[in-house]
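*Asks:* Before I ask anything, let me first share the structure, which is written out below as structure tokens.
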Amino acid sequence: MNRTPSTTRDLIAALGRCSAQGPDVVVCPPFVCLAAALDAAAGTGIQVGAQDVFWKDSGAYTGQVAPDMLTDMGVSHVILGHSERRGRFGVPEPDFTPATLAHFGESDETVNRKLHAALRHGLIPIVCCGETLVERTAGATDAVVAGQIEAGLARLTATQCAGIVLAYEPVWAIGTGETCAAEEADRVCGVIRATVTSLFGAGAGEAVRIQYGGSVKPDNAADLLGRPHIDGALVGGASLKAADFLAIVAAAAGS
């Protein structure tokens with residue numbers, strides 16, 4: 001929940017033609033900034049995604065945004081199950097920080113419903129998964145992440161799975177300044193890839209894009225993006241500063 005339409009336009013203008021450096025670049029502003037983002041991104045090669053979508057096409061769902069509302073604007077991607085949206089409504093983890101208070105009660109079931117709706121309408125989903133500090137401390141990281149992938153991707157075909165993006169986003173590393181060590185982030189992304197392979201076959205496991213998200217910054221981007229199982233970055237706070245985001249894009253180009 002950052003930026004306004006006018007400052008979104010300014011930020012994307014500052015990014016310029018950053019996608020010319022090689023990596024695919026997608027910006028995902030709040031809903032009210034999408035039109036400004038699409039206008040500013042025209043001709044730059046930068047794609048625009050939304051931060052969420054509802055699973056119904058229309059109806060009495062005040063405050064929700066339907067998939068075809070996004071595609072009609074020209075939006076190409078959508079983030080689903082972001083770790084800031086997961087968990088029990090209003091119930092903080094014992095290791096409370098602002099990043100571990102899940103306000104919206106997103107579950108694997110709602111993520112799966114939104115995933116199928118997004119695919120029906122031609123949106124490219126960026127499906128997030130990740131554990132809390134309590135779960136990591138308990139040694140449950142692999143089981144939690146694999147379980148989120150299995151439930152979140154239920155009823156997909158192998159072809160559909162190969163075309164989506166997955167993002168490992170440990171809750172404890174969001175907005176805290178803490179970053180999962182590159183070796184460990186790569187290991188967990190490897191668990192995600194192995195889970196996809198077991199569910200959908202080797203072709204899907206090799207084709208699916210797996211990102212790391214959680215305090216990705218210019219000074220750690222190259223190490224993270226150079227790892228074998230990490231195909232990209234889901235950038236949070238650093239995306240609000242053009243210079244920092246451009247540095248991360250450059251790191252991706254050199255990985």
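The values are calculated or read from the model by the stated rules, or taken from the named source; none is laboratory data. In this text, all values refer to a predicted model and were calculated from it rather than measured experimentally. Cβ: placed from backbone, ideal geometry, glycine included. Neighbour counts: every protein chain shown.
*Asks:* Let me spell it out: the conditions are (1) at positive phi; (2) in a helix (DSSP H, G or I); (3) not hydrophobic (A, V, I, L, M, F, W, C), and Gln160 meets all of them except one. Which number is the exception?
*Replies:* Only one criterion in (1) at positive phi; (2) in a helix (DSSP H, G or I); (3) not hydrophobic (A, V, I, L, M, F, W, C) is unmet by Gln160, namely (1).
*Asks:* Let me ask you something else. Report, by residue number, each residue of segment 212-230 that is touching a Cys at 6+ places or on another chain (Cβ under 8 Å) and either on the phi > 0 side of the Ramachandran plot or not small (Gly, Ala, Ser) (or both).
*Replies:* Tyr212, Gly214, Arg227, His229, Ile230
*Asks:* Being in a strand (DSSP E or B) and among the β-branched types (Val, Ile, Thr) narrows it down to one residue among Val144, Val134, Val127; which is it? Don't jump to the end; show me each part of the working.
*Replies:* On the way: Val144 fails: in a strand (DSSP E or B); Val134 fails: in a strand (DSSP E or B).
On inspection, the qualifying residue turns out to be Val127.
*Asks:* Identify, by number, the condition in (1) closer than 22 Å to Val75 by Cα; (2) of a type in the set (D, E, K, R); (3) surrounded by 23 or more Cβ atoms within 10 Å (Cβ to Cβ) that Glu131 doesn't meet.
*Replies:* (1)
*Asks:* Yes or no: Ser19 surrounded by 18 or more Cβ atoms within 10 Å (Cβ to Cβ) and either outside any loop (DSSP other than H, G, I, E, B) or at pLDDT 95 or above (or both)?
*Replies:* Judged against the criteria, Ser19 is a match.
*Asks:* Those residues that are modelled with pLDDT of 95 or more, under 15 Å from Glu131 (Cβ atoms), surrounded by 20 or more Cβ atoms within 10 Å (Cβ to Cβ) and not hydrophobic (A, V, I, L, M, F, W, C), I need them from segment 155-193; list them, please.
*Replies:* Tyr168
*Asks:* Quick one: how many residues across segment 191-214 are among the small types (Gly, Ala, Ser) and touching a strand residue (DSSP E or B) at 6+ places or on another chain (Cβ under 9 Å)?
*Replies:* The number of residues fulfilling the criteria is 2.
*Asks:* Of everything in segment 194-218 that's outside any helix (DSSP H, G or I) and among the small types (Gly, Ala, Ser), which residue is modelled with the highest pLDDT? Quick ask: steps written out before the conclusion?
*Replies:* Taking segment 194-218 first, the residues outside any helix (DSSP H, G or I) are 201, 208-217.
Of the ones still in play, those that are also among the small types (Gly, Ala, Ser) are 201, 213-215.
Values: Gly201: 98, Gly213: 94, Gly214: 88, Ser215: 88.
Residue satisfying both the conditions and the ranking: Gly201.
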